[in-house]
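Input: a single structure, listed below in structure tokens.
The values are calculated or read from the model by the stated rules, or taken from the named source; none is laboratory data. Source: prediction; values computed, not measured. Ideal geometry is used to build each Cβ from the backbone, glycine not excepted, and the neighbour counts take in all protein chains shown. These area figures cover heavy atoms from the full protein model, side chains too; ligands, DNA and RNA do not enter into them. Shrake-Rupley method; radii C 1.70, N 1.55, O 1.52, S 1.80 Å.
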Amino acid sequence: MAGLFALLGLSSPQVAGLLAAAVLTLCVWRRYFSPISDIPGPFWASFTRLWHIQRILKGDQNLELIRLHDKHGHFVRVAPNEVSVSHPDAVRKILAAPLRKGDWYKVVAFPDGRFVNPMSATDPAVKNELSRHLAPAYTLPNLLRSEGNVSNVISLLFNWLDKFSASGEPIDLDKFFTFTTSDVIGEVIFSKQFGFLNEGRDIDNTIANAHPQAAYVSVAGFFRWFHVLCLSNPLITWLGVTPWGHLINTAMAAIKDRQANPDAGFDALAHWLSALEANPKMQLHEVHSAAFNAVAAGNETVAAALQAFVYYMIRHPNAWERARAEVDAAGIQGLASFADAQKLPFLQACIKEALRIFGPASMGLPRVVPKGGLTIGDRTLPAGTIVSVNIWVIQHSKEIWGPDAREFNPDRWFREDAASLEKYFIPWGMGYASCPGQNIAKIELSKICATLVRDYDIRQVDPKHEWTWKANFTVTPENWPCYVKKRETI
Ligand code: HEM
């Protein structure tokens, strides 16, 4: 490049001046002449992605987007080429439609950028074809065959709660719930716990390290070249120095063991390895990716949902007592089964409401406007624009949920309009890219929440203290120690 400039006879100051002029022209074009330049939003977002990234790293992107939609309406420009949409039709026209996913998703390629998996695939046809091999592992009947193993893990959690109850020491539920959901994923995917609950500690700081890793992933997707250069390249894979730690090392070792000894249980790996055998087109890296994605996506999310359930229930007048009365009346003995918990309408409404008010996924879900544009409400967005739907924005919309949209109110699920609001309840996303692990989460939430409300009283060490959380990739609460007390009458 320097040679080219010399050839053109340009001095360094002239080159610098030309570059500055080019950048300025680009900024002015993006701000004032792009086809979406009239869409309101933060000034900086109109010509640089950095505004969005700064919000993601700050950890409040969800609240900031709600605030911006309150101020500007259905369309907010969050980056030069991305519009966040809160119109009620957004769920149907953006998420439920087979639109291509934004390039951000390519960041989750595993083990490096050469490979494609259902989450990193942006073409819906490719995504669906890859998911087809993996889907049987996630059906409810297949997962329930592992319910006994899941119960074993959950019993370890309750042993810890009993210990904290006896000692009177406060417990950090964020940690113990994440230990539990991580160990459940190990059981469900490859019949092996990671050992967090057995040891009662964050082995190798895996969970603590997952937070900066998640923050990295959430922004690296916008700079894929940087990610490929640093981490997601064949050299790193060949050297075996990927930075994902204990969870992924354990998962990969479990896959290796199972290949040597394919005595299948009922776990996900059993389904995937038999799909591998039956489909000549399927490759081993697809099994590795599926395990990686499950391990990466399946622990913090469910732990956040469990925490939201407890946090909002203990702060809402009578909710805990009402749920307890319902479980008592059902006469459920021991650790609640998934089937038992399905017969508890108020408890299920409370779980649902926790997932609505505090959806664990905080990133906007980006899709690309197809040829011919996309009309939502009175606005047509041009082809190529990235349109994103943020779960928090939809689930906190007063236009959709009414004036009490931002309050935790399980009784909303018994109102007359509840059935018509289901389509806006999107904690798992919606459409072809929605969460494949939602049945795992529902099993965990049902079993744990039913048993928890029946057997324990929980209160914050300082009930006036609001919890804090960070919304990078998922929303991770922290810093809200609680006392647990085992109920005496049982
Ligand atoms: C309360 C718990 C959970 C919530 C709220 C949740 C939510 C989500 C959301 C919103 C997406 C993205 C949808 C999109 O991009 O449009 C997603 C994707 C995904 N989730 Fe979950 N999830 C949860 C639990 C789990 C669990 C337990 C697993 C374990 C297998 C899991 C595995 C995945 C995977 C692998 C993807 C990527 C999509 C794909 O590969 O097809 N999730 N989840």
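The residues of the stretch 16-111 have, on average, 46 Å² of accessible surface per residue, using a 1.4 Å probe with all protein chains present. Taking 0.36 nm per residue of separation and subtracting the Cα-Cα distance, full extension of the segment from residue 81 to residue 329 would add 83.8 nm.
For the chain, what's the relative contact order in percent, using C-alpha pairs closer than 8 Å and at least 6 residues apart? With pairs under 8 Å counted, the relative contact order is 23 percent.
Using the Cβ-Cβ distance between residue 314 and residue 50 with R0 = 35 Å, the FRET efficiency computed as 1/(1 + (r/R0)^6) comes to roughly 0.35.
Once R0 is set to 41 Å, what does the formula 1/(1 + (r/R0)^6) return for the Cβ-Cβ distance between residue 421 and residue 209, expressed as a FRET efficiency to the nearest 0.05? The pair residue 421/residue 209 has a calculated efficiency of 0.60.
Only one residue of 212, 433, 377 has its Cα farthest out toward the positive end of the dipole of the chain, where Lys and Arg carry +1 and Asp and Glu -1 on Cβ, and that residue is 377. Length gained on full extension, residue 15 to residue 126, computed as 0.36 nm times the residue gap minus the Cα-Cα distance: 35.6 nm.
The modelled label-to-label distance between residue 229 and residue 485, using points 7 Å beyond Cα along the C-beta direction, is 5.8 nm. Quick one: helix 438-455 against the long Cα principal axis of the chain, what's the angle to the nearest 10°, folded into 0 to 90? Its long axis makes an angle of about 40 degrees. Taking the C-alpha atoms only, the angle from helix 245-260 to the longest principal axis of the chain is near 70 degrees.
The angle separating the long axis of helix 284-297 from the principal Cα axis of greatest extent in the chain is about 70 degrees.
To put it simply, the accessible area of the chain at a 1.4 Å probe is 59 percent carbon and sulfur.
Projected label points at residue 23 and residue 201, each 7 Å from Cα along the beta carbon direction, are separated by 4.8 nanometres. For the stretch 38-139, lysine pairs separated by 8 or more sequence positions, or belonging to different chains, with Cα-Cα distances below 21 Å total 5. One decimal place: the segment residue 468-residue 281 gains 62.7 nm when fully extended, by the rule 0.36 nm per residue minus the C-alpha distance. Ordering 339, 35, 159 by the projection of their Cα atoms onto the charge dipole of the chain, which places +1 on the Cβ of Lys and Arg and -1 on the Cβ of Asp and Glu, puts 35 at the extreme positive end. For the cross-link pairs 398/423; 192/486; 343/442; 343/485, the ones whose C-alpha atoms lie over 18 Å apart are 192/486; 343/485. Charges were assigned to the Cβ only: +1 to each Lys and Arg, -1 to each Asp and Glu. The resulting dipole of the chain about its Cα centre is roughly 1280 debye.
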